[in-house]
Amino acid sequence: MTTSKQISGRAPNGASTIYQGKDGRWHGRVTMGVRDNGKPDRRHVERKTRAEVTRAVRELERQRDSGRVRKAGRAWTVEQWLTHWLDDIAALSVRYKTLVGYRTDVMRHLVPGLGAHRIDKLEPEHIEKLYGRMIRSGLAAGTVHHAHRTLRASLSEAVKRKHVALNVAMVARPPRLDDEEIEPLTVDEARRLLTVAGKRTNAARWAVALTLGLRQGEALGLRWPLVDLTARKLRVRHGLQRRTWQHGCSDPHQCGARYHKTTPCKPGCRRHKLTCPTPCPTDCTDHARWCPLRQGGGLVLDDVKSKAGRRTIAIPGPLIDLLRAHREVQAQERLTAGSLWEDHGYVFAQPNGRPIDPKADHQAWKDLLEEAGVREARLHDARHTAATMLLVLNVGTRAVMDMMGWSSPSMAARYQHVTNDLRHDIADSLGGLFWGTTQAEKEN
């Protein structure tokens, strides 16, 4: 590094320079590389003292030498970058549900909380203060973590494209997230559910969930051409999901005018169970579900989200019988519906052949739990139950991954749980090993 006061004449090409201007302030210029047009990328910093500008110049040189150089030009704001990343990068590379989650985080939390910052001036403390405000507003720690992952993903892309030198979201600390304690259903509880389900339409739906561990979308998206009852196998290829409607009109703002929320809820609002929605922006283009020309929404059959999810599963004998009986009931429903029947080929369908809405399916699960006298459990806990039963049966991890549609063995730790029955079996085995008898034998 050279200074204009130390060396007379011109400094070598590319060398950093420090000099004092006529205004008395100190200036530094550092060559960081080459611009897109081929000209040198020469950065300028200005400080009050020589020591300050020297530190700034050395920091730029350190960034240059480590390869962490921000692009030349005025830095974007966080709002500009997140909007660009969301609409022009993520929208082309991630799945629909992932994009919906990103959009919610960006528009509801990240832009209102951080959007005015320049992306290269964003600090971990700015992010942590936002997380604190979110927690104090009543949002769950899981919601904050979801926003944190979205911000981290977007800034990682900004680093790759050299808009910033460092992903500060990797430094910021989100609030502590307590691990959710999941207790899979016991064998007795699962049997009681299957017994009660046998009296209902779509009884095989719950047997598929509890024994094969299909995700809700995979079960509701299952079609008869992919089920071979003779060969005792089914293929998982698609999932049913609900997508948000999009406006098909020329003026989305005016189309949804009567549904715009213009004022915040009053204190003590009882209409909303969690947090009250914020008022719509002045240029709101939401409320597409009311658009007479709406498009792209509703129930959509989509490919499963991963290569591992495309799998073939062998069907247990009793479930074969249930599916055959279910197909006969569905054939009778087809005759009853007549011209109203819509032939989409779904294994589990409404009486008119149309797909089952995930909300209705979830409510049917809740009703089933209540009628069977089984404790409260999420529908997704049926998948945890199926995975845990494979652990009880001592099925190898590789076979479990194949059946459940996992690409990583680490998923087994999330879905397979050591139950009380399994703990007792282990205790009995230890008793038999050391004392030659088990607790059950003593009680008998």
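A few remarks follow.
- Residue check, ALA197 under 24 Å from the mean Cα position of the chain (by Cα) and buried (at least 21 other Cβ atoms within 10 Å of the Cβ): no
To keep it simple, each residue is scored yes or no on (1) part of a helix (DSSP H, G or I); (2) over 30 Å from CYS276 (Cα atoms); (3) of a type in the set (Lys, Arg).
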position	(1), (2), (3)
ASP41	no, yes, no
GLU52	yes, yes, no
LEU82	yes, no, no
VAL106	yes, no, no
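Conditions tested, residue by residue: (1) farther than 30 Å from PRO351 by Cα; (2) in contact with a strand residue (DSSP E or B) (Cβ under 9 Å, 6 or more places away or on another chain); (3) hydrophobic (A, V, I, L, M, F, W, C); (4) at pLDDT below 90.
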position	(1), (2), (3), (4)
ALA165	yes, no, yes, yes
ARG173	yes, no, no, no
ASP178	yes, no, no, yes
ARG200	no, no, no, yes
VAL208	no, yes, yes, no
THR211	no, no, no, no
ALA219	no, yes, yes, no
LEU222	no, yes, yes, no
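- Scanning the range 211-227 for residues that are assigned to a helix (DSSP H, G or I) and either within 24 Å of the chain's Cα centre (by Cα) or among the acidic types (Asp, Glu) (or both) yields LEU212, GLN216, GLY217, GLU218, ALA219, LEU220.
- Criterion applied to CYS269, CYS276, CYS280, CYS265 was being outside any strand (DSSP E or B) and out of contact with any Cys (no Cβ under 9 Å at 6 or more places or on another chain), and the one residue passing it is CYS280.
- Boolean, ARG42 is among the charged types (D, E, K, R), surrounded by 14 or more Cβ atoms within 10 Å (Cβ to Cβ) and at pLDDT below 90: yes
- Which listed residue is farther than 28 Å from ARG310 by Cα, in contact with a Pro (Cβ under 8 Å, 6 or more places away or on another chain) and buried (at least 17 other Cβ atoms within 10 Å of the Cβ), from THR336, THR419: THR419
- Residue count, the range 172-194 (criterion: outside any helix (DSSP H, G or I) and surrounded by fewer than 13 Cβ atoms within 10 Å (Cβ to Cβ)): 7
- Look at the range 245-259: where a residue is over 14 Å from CYS280 (Cβ atoms) and a partner is hydroxyl-bearing (Ser, Thr, Tyr), sitting 6+ places away or on another chain with Cβ atoms under 7 Å, you get HIS247/THR285.
- Among the residues of the range 293-304, those identified as in contact with a helix residue (DSSP H, G or I) (Cβ under 8 Å, 6 or more places away or on another chain) and either part of a loop (DSSP other than H, G, I, E, B) or surrounded by fewer than 13 Cβ atoms within 10 Å (Cβ to Cβ) (or both) are ARG294, GLY297, VAL304.
Quick grid of which residues meet (1) assigned by TED's automatic domain parsing to the domain that holds ARG200; (2) free of Cβ contacts under 8 Å to residues at least 40 places away in the same chain; (3) within 26 Å of the chain's Cα centre (by Cα); (4) over 17 Å from ASP228 (Cβ atoms):
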site	(1), (2), (3), (4)
ASP321	yes, yes, no, no
GLN332	yes, yes, no, yes
SER339	yes, yes, no, yes
VAL347	yes, no, no, no
GLN363	yes, yes, yes, yes
LEU368	yes, no, no, yes
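- Failed criterion for GLY138 (all others in (1) free of Cβ contacts under 8 Å to residues at least 60 places away in the same chain; (2) in a loop (DSSP other than H, G, I, E, B) hold): (1)
- Positions within the range 370-397 being without any contact (Cβ under 8 Å) to a residue 40 or more places away in the chain and on the phi > 0 side of the Ramachandran plot, in sequence order: ASN394
- For the range 84-98, the tally of residues that are without any contact (Cβ under 8 Å) to a residue 12 or more places away in the chain, part of a helix (DSSP H, G or I) and hydrophobic (A, V, I, L, M, F, W, C) stands at 2.
- The criterion of at least 3 residues that are modelled with pLDDT of 95 or more, among the basic types (Lys, Arg) and touching a helix residue (DSSP H, G or I) at 6+ places or on another chain (Cβ under 8 Å) is met by none of the helices (runs of 4 or more DSSP H) wholly inside the range 314-418.
- The residue that is surrounded by the most Cβ atoms within 10 Å (Cβ to Cβ), counting only those in the range 230-251 that are modelled with pLDDT of 95 or more and β-branched (Val, Ile, Thr), is VAL236.
The values are calculated or read from the model by the stated rules, or taken from the named source; none is laboratory data. All figures in this text were calculated on a predicted structure; none of them were measured in a lab. Note: ideal-geometry Cβ built from the backbone for every residue, glycine included; neighbour counts use all protein chains shown.
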